[in-house]
1. Any idea which residue in the range 18-43 is nearest to residue 201 (Cα to Cα), counting only those that are modelled with pLDDT of 95 or more and outside any helix (DSSP H, G or I)?
2. So which residues in the range 275-306 are crowded, with 20+ Cβ neighbours inside 10 Å and modelled with pLDDT of 95 or more?
3. Return the residues of the range 85-116 that are out of contact with any strand residue (DSSP E or B) (no Cβ under 6 Å at 6 or more places or on another chain) and either under 15 Å from residue 65 (Cα atoms) or modelled with pLDDT under 90 (or both); say none if nothing qualifies.
4. Could you check residue 310 against (1) over 16 Å from residue 34 (Cβ atoms); (2) surrounded by fewer than 14 Cβ atoms within 10 Å (Cβ to Cβ); (3) in contact with a strand residue (DSSP E or B) (Cβ under 9 Å, 6 or more places away or on another chain); (4) free of Cβ contacts under 8 Å to residues at least 24 places away in the same chain and say which number it fails?
5. Looking at this structure, is residue 56 under 13 Å from the mean Cα position of the chain (by Cα) and crowded, with 23+ Cβ neighbours inside 10 Å?
6. Please go through the range 237-262 and pick out each residue that is part of a strand (DSSP E or B) and touching a residue at least 60 places away in the same chain (Cβ under 8 Å).
7. Going through the range 184-205 one residue at a time, which ones are within 30 Å of residue 230 (Cβ to Cβ) and either assigned to a loop (DSSP other than H, G, I, E, B) or at pLDDT below 95 (or both)?
8. May I ask you to verify whether residue 101 is outside any helix (DSSP H, G or I), touching a residue at least 24 places away in the same chain (Cβ under 8 Å), over 27 Å from residue 300 (Cα atoms) and in contact with a helix residue (DSSP H, G or I) (Cβ under 7 Å, 6 or more places away or on another chain)?
C-alpha cells in the first residue's frame, strides 16, 4: 500500500515540472478521447466507478479487479469530427489470480486523395489515394488485494500512421481504487500514457501523460435498490494542457434504466453531456449505452456502446 501512495505522490511532481506554457506540446492526443458511451455521458468522471467491467481498461485498470462476471466484452462506436470513425472494444477474463483484460481503441481517418504539383502549372493532379489512422492496443492486469482495495496496470502499444509514415511507442497506465468505508464512498487515482518520447520522421514529441484523481458515491440507494443516484467527480492534470475538473451523475431504476449527465469545467470547447443506459433482463447481462457530448463550436458527438458479460 505504501508503495502505491509514494508512486502517486511523485508522479504529479514529474508531470508538472515544466514552467513554460504546455498546451499542445504532446503527440498521440487521440488517447484523450473517451472510449465508451458511459464515460462520455458522465463527462468523463468515471475512474472511481467499480462496475465498469472490461471497459475499465480505458479509464482505470484497477476497476477490473471488482469485476463479478467471468467474462466481459464491450464494443463502442462514435462518428467523430470530419467524417472520422472511432472504434473501441475490450475484453476481460476473471481468473483465480486476478483479472486480465485487453483493449483496442482506433481512429480511422479514412481515404484521402494523393496529389502532386503538375509540371509548370500552379495546379495539382490526383495520382491515387492514401490512408491515415491511429490505434492503441493494451494488455491489463488487475487484482483485489482486499475486499476494498484494487490495483491495476496496463501496457499498451500506440501508433499513428499516415501513408507510409508512422510514429509508435509503448506506454504504461496504472491505477488504484479504494472503498473508504464511509458509506459507499470510493476514491481512485490513475496515471495514463506514461512513457518516453517518440518521433515522427525527424520531429520528436512527448507522450500525453495525464494524472487523474477521482471519487464516487451513491447518495441515494445502492445497486440493489429500486432507485439509485451516484455522483462522481474527477480532477485532471494533463502534461499538455491546463488542469480541469469533470463531474457526473447517474440515476438508475432497478438497474434496468440508467440516466446520466456530466459537465466539464475549464475546457476550451467541451462542456455538458448526457446519456442513457438500458440493461436488458435476459439470461446474459446485456447493456446498451448511448451518450451525447457537446464540443462547442466543433459540434456534437454521439457514442454507442454494447456491453455483455457471462
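1. 28
2. Hits for the range 275-306 are 275, 277, 289, 291, 293, 301, 303, 305.
3. Answer for the range 85-116, where residues must be out of contact with any strand residue (DSSP E or B) (no Cβ under 6 Å at 6 or more places or on another chain) and either under 15 Å from residue 65 (Cα atoms) or modelled with pLDDT under 90 (or both): 94, 95, 96, 97.
4. (4)
5. In short, yes.
6. Of everything in the range 237-262, those that are part of a strand (DSSP E or B) and touching a residue at least 60 places away in the same chain (Cβ under 8 Å) turn out to be 237, 238, 246, 247, 248, 249, 250, 260, 261, 262.
7. 184, 185
8. yes
The values are calculated or read from the model by the stated rules, or taken from the named source; none is laboratory data. Bear in mind the structure is a predicted one, so any value in this text is a computation, not a measurement. As a convention, Cβ positions derive from the backbone with ideal geometry for all residues, glycine included, and neighbour counts pool all protein chains shown.
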